[in-house]
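Student: Got a structure here, written out as structure tokens. Questions coming.
Read-outs: derived from the displayed coordinates by stated rules, not from any lab. Since the structure is predicted, the reported quantities are computational estimates derived from the model, not experimental observations. A quick note on method: Cβ atoms are made from the backbone with ideal geometry, for glycine too, and the neighbour counts reach across all protein chains shown.
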Amino acid sequence: MHIAVLAGDGIGQEIMVEALRVLGAMDLPDLCLDHADVGGAAYHKHGHPLPPETLELVEAADAVLFGAVGDPSCDNLERHLRPEQAVLGLRKEMETFANLRPAKMFAGMEDASGLKPEIARTIDIVIVRELNGDVYFGEKGMRKTADGLREGYDVMSYDESEVRRIGHVAFKTAMGRGKRLCSVDKANVLETSQLWRDVMIELSAEYPEVELSHMYVDNAAMQLVREPKQFDVVVTGNMFGDILSDAAAMLTGSIGMLPSASLAEDGSGMYEPCHGSAPDIAGEGSANPLATILSVAMMLRYTLNVPDAADAIEAAVSRVLDQGLRTPDIFSEGCTPASTVEMGDAVVEELVAAMAS
Ligand code: IPM
Ligand code: MG
């Protein structure tokens, strides 16, 4: 198996080091890691956020392990040269249309959530976000209106095959969990959403065991913070999924905890933390590496097909949190403060101890 490692910008570098130490501790045979530049780091070195040598490596890889991109020094570049474009380019290139973003409360972390502990404790949601279409990839541009005003536009659309393929992933995900699927749209306003809803209803005939419900996105945002336990699996489009997944992540205490998997039809995938490059804390050694470490676990589960190894990493993370170790983003009174490296050390130690016993 070939894994392309793209650490990227800001805290991406620090958290990737810890994630790779955890992967190394698993001692899996036949893993080949290749590193390449991406994002602002790649722009400064090669003049493009997703240079051809990186793309080549990615094309040959079974999985991509991705850190984060985003670099304030690139904010004024033309859009196609900005670091974020690397993520979008990779998603398109690899055809990773299905983005799984689990938001689950770890025991003992309730105090880090903004919700009341008794509500926070119940969070266990998987957001299935479509990742290759929607307003993200439609025709876009700047033009002048007839009156000479500047006008920006971005076209939103989905065709039924795009909705169907993400729908299947969502229904299957629900089958493997609580068998409840909530499809989130804005069908009261958008034609794109009406089609989305129609197709989800058609698909539900193939999954009679799954209880399908529908919710408008504004209401979904409210329900997520009001009573998160009503959600098991949520399926939604690219744009709504972007927004709702950040909210869901934060409910669990910190976006620094949340991994993600972006999967293609053939099982290849890109694995990355849900958070960004956090330039304000980059280089301080205070970033939380757990989202990236848990992304490694998702990679082992979904692309490398070693679910036991994935379980072992997730269990090690749980035990480290049980010990009270906390990076600043999840720190609460009575806990032990930890740096990025100390958190990585602790997970590796737990893994090694578990494998020895
Ligand atoms: C995410 C990010 C990306 C997105 C950005 C970096 C393009 O916010 O993965 O959620 O909007 O999809
Ligand atoms: Mg986002």
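Student: Using 0.36 nm per residue, how much length does the chain from Glu95 to Val189 gain when fully extended, once their Cα-Cα distance is taken away?
Tutor: 31.0 nm
Student: Determine, for Ser295, Ser204, the number of other Cβ atoms within 10 Å of each Cβ, and report the residues in order from fewest to most.
Tutor: Ser204, Ser295
Student: Measuring from a point 7 Å past the Cα of Ala315 along Cα-to-C-beta, which residues in segment 13-52 have an amide N at less than 16 Å?
Tutor: Of the residues in segment 13-52, 26-27 have backbone N under 16 Å from the label point off Ala315.
Student: Report the Cα centroid-to-centroid distance between segment 213-234 and segment 149-195 in angstrom, as an integer.
Tutor: 15 Å
Student: Can I ask one more? Scanning the chain for helices, which whole DSSP H stretches are 15 Å or more long along the axis (Cα) and average -1.0 or more by Kyte-Doolittle?
Tutor: Qualifying helices, which must be both long enough and hydrophobic enough, are 12-25, 84-94, 160-175, 191-204, 238-251, 290-302, 307-322, 340-356.
Student: Could I have the simple spin-label model distance between Glu284 and Ala356, label points 7 Å from Cα toward Cβ, reported in nm to one decimal?
Tutor: Here the answer is 3.4 nm between the modelled labels.
Student: Which percent, nearest 5, of DSSP beta bridges in segment 102-258 are antiparallel?
Tutor: Taking every DSSP beta bridge with both residues in segment 102-258, the antiparallel ones total about 35 percent.
Student: A further question follows. Looking at the chain only, what percent of DSSP beta bridges run antiparallel? Nearest 5 please.
Tutor: Roughly 40 percent of the beta bridges in the chain run antiparallel, per DSSP.
Student: Contour minus end-to-end for Ala247 and Val341, with contour as 0.36 nm per residue of separation and end-to-end as the Cα-Cα distance?
Tutor: Working it through step by step, the gained length comes to 31.1 nm.
Student: Let me understand segment 102-258 better: what is its radius of gyration from the alpha carbons, and its Dmax, in angstrom?
Tutor: Final numbers for Rg and Dmax: 17.2, 59 Å.
Student: May I pose another question? Mind jotting down the distance between the C-alpha centroids of segment 1-20 and segment 280-357, whole Å?
Tutor: After rounding, the separation between the Cα centres reads 14 Å.
Student: May I ask you to list the lysines whose Cα is less than 27 Å away from that of Lys45, ignoring any residue fewer than eight positions away on the same chain?
Tutor: Result set, ordered by chain and number: Lys92.
Student: Please report Met239, Met298, Met142 as a ranked list, fewest other C-beta atoms within 10 angstrom at the top and most at the bottom.
Tutor: The order, fewest Cβ neighbours first, is Met142, Met239, Met298.
Student: List Val320, Val235, Val348 from most exposed to least, where exposure is judged by having the fewest other Cβ atoms within 10 Å.
Tutor: Val348, Val320, Val235
Student: While we're on this one: Given only helices, namely DSSP H runs of n ≥ 4 each adding -39500 (n - 2.57), what is the per-residue ellipticity at 222 nm of the chain, to the nearest 500 deg cm²/dmol?
Tutor: -12500 deg cm²/dmol
Student: While we're looking at this one, here's another question. Hey, rough spin-label estimate for Lys144 and Glu118, points 7 angstrom out along Cα→Cβ, what's it come to in nanometres?
Tutor: Distance between the two pseudo-spin positions: 6.3 nm.
Student: Something else: Explain nothing, just the number: dipole magnitude of segment 17-100 about its Cα centre with +1 on each Lys and Arg Cβ and -1 on each Asp and Glu Cβ, in debye rounded to the nearest 20.
Tutor: 300 debye
Student: Does segment 245-357 classify as rounded, prolate or oblate by the C-alpha gyration tensor (a ≥ b ≥ c root eigenvalues; a/c under 1.5 gives rounded; else a/b over b/c gives prolate, otherwise oblate)?
Tutor: oblate
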